[in-house]
Every structure is written in structure tokens, then in C-alpha cells.
Amino acid sequence: MSQELHERLRRVHPGIVVSSDAPLGVRTTYRVGGAAAYEVEVHDRDALETLMPHLAGYEGDVLIAGKGSNLLVADAGFDGLVLRLGRRFGEVEMDGTRTRVGGAAALPVVARKVTKAGLGGFEWAVGVPGAIGGAVRMNAGGHGSDMASVLVWADVVDVIAGEIERRPLETLDLAYRHSNLADHHLVIEVELQLAIGDQVEGARLLEEIVRWRREHQPGGQNAGSVFKNPEGDSAGRLIDAAGLAGTRVGTAVVSTKHANFIQVDAGGRADDVHALMVTIIEAVEERSGVLLEVETRIAGFDDSPLVSSGMDEPGCYEE
């Protein structure tokens, strides 16, 4: 971002907040990594619409940032622009079984709100950290369901073109941890079609999912599942079978509770996590012939051999 653009964005709308050398890695669930060169936070839709013409044609790297639950930032930081939605984009509005949700709304919060209101079909999201926008971007899911099963449409901003488009479900090509949205697409609002549910049964199911997660997945500093499950198999099983559970690179270690999780020591290094990801890919391919695909979004690693299919959200968790 040029200094001229930086200064101009500061003045165009009170709902646009621009900062430089903005904390980024420490705001992820890995809690490691450097800062972003610039961050632009928009507080509401009017501010976003004002911002878009100023970003149209921007040629630098753009990172759409959410809750940081599916993002690894290099220790050297991210030399580009981070775009973040403010709190107004976290609102939830229910109308019968249809629910409109802002792109910044946290999945567990939405799951609890709609369940308490007597709606069913979104309980699975209580176990998935991150926000609605990223959940659409990679078709987040768990416990037998996913975003594709409830999504009606998504309002999507093309940050580079400076356009907002309402995209019906059938135009998004949602599949397992996949959509046709690119890195410069920002989901700002969605509509969900839920079902009439039972508050008591829904509350029981929420607690069951939370309990299952605690029993089967590690806590601490991690970003959920690191690799996509290959068709017909489990990334965790393949990593385990390669004898990698407990393998450590510096401050990063493969979880012994679930091998598709990488945990980081307090005060650890993002570069150690990245190196461990590469080690896992190479070892699994050598043993099984399967090339694992990274689910985590990778930012700031120049010439990284990892192919990241994820977005910064939602940190999907395996069943």
C-alpha cells in the first residue's frame, strides 16, 4: 500500500480504521507469527462500500482475516494488506426458519443463538471456531453436516474488482472443504435455511458436541485440522501410520491426541509450524504415496512449498 493510499483511506469514512504494523500472528489461535504491514477494518456495510473503489485495482497482497482460527502467519510477518470486518458484521437476525448472519459472526455463537431460539440444523457449528465468512469459503462442517446443507445465499465482495454480488448456493460450487471463492473474495452476509427444532434436544446436542471435542481433540495453541482428509481416508490416520505422532520441530509438535493437529509451545515460532507441516507431507507421501493438502491458510511465507486451500477461517475440526 502506498503512503498516499494509506493516508487517503484514513479520511474517506469514519467507519474505516487503517493501521500499519498491525498485530496479526498473535491474534491467531496458534498465537505465533509477525505483524501485517497494513490492516483495514470496516465497521459497517456503508464503510465497506465507500472503501471498495479505493481498493479496486490494488496490486499488493490482500489477506481476508477473520478470527484467526485457520491461519499461520510467518514470523517475518505479512507484507501486504489485511482486510477485517468489524462488529456490525457479526449480527444475527432470525425470521422464521430463515436466518441472516454477518460474515464476522462466530460459528459457535450463531449455533447457540439459533438453537436457543428453537431452530435446528446448525448445532454442528458449535464445535468449529472461526466465522461465517470463512465457513462459506471452505464449506466448513462437522458431525455429519456442513455449510452447504444450510446455506441459501452469500453476499460476496470482490475486493480487487470492488463489486458486491449475491451468490446463490448453487453458484458457489461447495464441496468437501471447497468453494469457488478466491482469496480476494470476502463474504459479508449469508442467509441460512434452518429447521424447526427442539430447544431441549438442541441444547443436549450442543453439549454433546462440545464434550466430544474436548475428549478427542487437543487444546492449547493450535488451528484445528492441518490437512484435508484424502478421499476415503483420514489425514490423522495417515500421519499416525507414518509414525509422526509426537514428532517435534523446534517449538511445534504433532499432537499425540489427534495427529492432524499441530500444537505450538507458548512463545513458539510460526516458522517451526511451517517446517513441521513440510516434514509431515514428505513423510506421509514417502510411506503411503498420498500427498496431503494443507487446509490451513499460510501467509507471509515466501516461496513456501505448501499449497494452501484454506482461508483464514474456520479451522475445521475432524470427527
Residue list for the stretch 115-132, restricted to those being within 21 Å of the chain's Cα centre (by Cα) and touching a residue at least 24 places away in the same chain (Cβ under 8 Å): GLY121, PHE122, GLU123, TRP124, VAL126, GLY127, VAL128, PRO129, GLY130, ALA131, ILE132
Enumeration of residues in the stretch 160-186 that are assigned to a strand (DSSP E or B), in contact with a strand residue (DSSP E or B) (Cβ under 7 Å, 6 or more places away or on another chain) and free of Cβ contacts under 8 Å to residues at least 40 places away in the same chain: GLU165, ARG166, ARG167, PRO168
In the stretch 20-37, the residues that are crowded, with 16+ Cβ neighbours inside 10 Å and either among the hydroxyl-bearing types (Ser, Thr, Tyr) or over 17 Å from ILE298 (Cα atoms) (or both): ALA22, THR28, THR29, TYR30
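Yes/no per residue for (1) assigned to a helix (DSSP H, G or I); (2) in the same structural domain as ALA266 (by TED's automatic domain parsing); (3) in contact with a strand residue (DSSP E or B) (Cβ under 7 Å, 6 or more places away or on another chain):
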residue	(1), (2), (3)
ALA22	no, no, yes
ALA37	no, no, yes
PRO53	yes, no, no
GLY57	no, no, no
ILE64	no, no, yes
SER69	no, no, yes
LEU72	no, no, yes
ASP75	no, no, no
VAL82	no, no, yes
Residues being closer than 23 Å to VAL114 by Cα and crowded, with 19+ Cβ neighbours inside 10 Å - total across the stretch 175-207: 11
Single match in LEU292, LEU238, LEU244 (criterion: over 30 Å from ASP61 (Cβ atoms), in contact with a Pro (Cβ under 8 Å, 6 or more places away or on another chain) and either surrounded by 15 or more Cβ atoms within 10 Å (Cβ to Cβ) or not assigned by TED's automatic domain parsing to the domain that holds PHE78 (or both)): LEU238
Number of positions in the stretch 38-69 that are without any contact (Cβ under 8 Å) to a residue 60 or more places away in the chain, buried (at least 20 other Cβ atoms within 10 Å of the Cβ) and farther than 16 Å from ILE188 by Cα: 2
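Please go through the stretch 92-130 and give me each residue that is polar (S, T, N, Q) and in a strand (DSSP E or B), ordered by number.
Selection gives THR99 alone.
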Number of the exception - GLU286 against (1) surrounded by 14 or more Cβ atoms within 10 Å (Cβ to Cβ); (2) at pLDDT 95 or above; (3) not assigned by TED's automatic domain parsing to the domain that holds HIS178: (1)
Selected residue [crowded, with 24+ Cβ neighbours inside 10 Å and closer than 16 Å to LEU151 by Cα] from VAL92, VAL114: VAL114
Hits in the stretch 208-219 - residues which are surrounded by 13 or more Cβ atoms within 10 Å (Cβ to Cβ) and in a loop (DSSP other than H, G, I, E, B): GLN217, PRO218
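The values are calculated or read from the model by the stated rules, or taken from the named source; none is laboratory data. Being a predicted model, the structure only gives us computed values, none of them experimental. Note that we place each Cβ from the backbone using ideal geometry, even for glycine, and neighbour counts take in every protein chain shown.
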